[in-house]
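The values are calculated or read from the model by the stated rules, or taken from the named source; none is laboratory data. The structure displayed is predicted, hence computed values, not measured ones. Cβ coordinates were reconstructed from backbone atoms using ideal geometry, including for glycine residues, and neighbour counts include every protein chain displayed. Remember, those area values only see protein heavy atoms, side chains included, never the ligands or the DNA or RNA. Shrake-Rupley method; radii C 1.70, N 1.55, O 1.52, S 1.80 Å.
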Amino acid sequence: MSVYILVVDDEPDVEALFRQQFRRDLRAGRFLMEFASSAPAALERAVAMEDATLILILSDINMPGMSGLEMLPIVRSVRPDVPVIMITAYGDAETRRKALANGATDLMTKPIDFAALRLEIDTRLERAV
């Protein structure tokens, strides 16, 4: 069974960072990571992966065009089974409130605490089995 995590961020270095942080997991086949550089591309991937086991969406909030917060209620309606964690450089109370009100499971601030994210992914993997 292939298990996927979808990462949404317009910054080109994010994919390399995530692949580096999770290289052992990816090499071992624990899960696969898909990357989308915009909210519309992420929505397209989330719909296309309907038959795949998508266990988590990680999305930046501030992106050109459609923001992560604008994408959130749409992706939650398309894939209500998939938890979404929003990522932002601005972890203020209002941003957290908006993210959670729109259906986010959690909000992580940059720089990302990859140890905490790994624990979250491990929890999602256990539930997927």
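Restricted to the stretch 68-77, and to residues that are touching a residue at least 24 places away in the same chain (Cβ under 8 Å) and exposed (fewer than 15 other Cβ atoms within 10 Å of the Cβ), which residue is nearest to Thr95 (Cα to Cα)? Spell out the reasoning first.
We begin by selecting, within the stretch 68-77, every residue touching a residue at least 24 places away in the same chain (Cβ under 8 Å); these are 68-76.
Pick out the ones that are also exposed (fewer than 15 other Cβ atoms within 10 Å of the Cβ) and you get 70, 73.
Numbers: Glu70: 12, Pro73: 15 Å.
This residue is Glu70.
Run down Met108, Met71, Met33 and say which single residue is at pLDDT 95 or above and either assigned to a loop (DSSP other than H, G, I, E, B) or within 10 Å of the chain's Cα centre (by Cα) (or both).
Working: Met108 fails: either assigned to a loop (DSSP other than H, G, I, E, B) or within 10 Å of the chain's Cα centre (by Cα) (or both); Met71 fails: either assigned to a loop (DSSP other than H, G, I, E, B) or within 10 Å of the chain's Cα centre (by Cα) (or both).
Of Met108, Met71, Met33, the one residue that is at pLDDT 95 or above and either assigned to a loop (DSSP other than H, G, I, E, B) or within 10 Å of the chain's Cα centre (by Cα) (or both) is Met33.
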Quick check on the stretch 23-40. Is at least one of its residues open to solvent by 50 Å² or more (accessible area, probe 1.4 Å), touching a Gly at 6+ places or on another chain (Cβ under 8 Å) and touching a residue at least 12 places away in the same chain (Cβ under 8 Å)?
yes
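Find the residue count for the stretch 51-65, including only residues that are in contact (Cβ under 8 Å) with a residue 12 or more places away in the chain and open to solvent by 50 Å² or more (accessible area, probe 1.4 Å).
So in the stretch 51-65, the residues in contact (Cβ under 8 Å) with a residue 12 or more places away in the chain come out as 52-65.
Remaining after also requiring open to solvent by 50 Å² or more (accessible area, probe 1.4 Å): 62, 64-65.
Residues that pass the stated criteria total 3.
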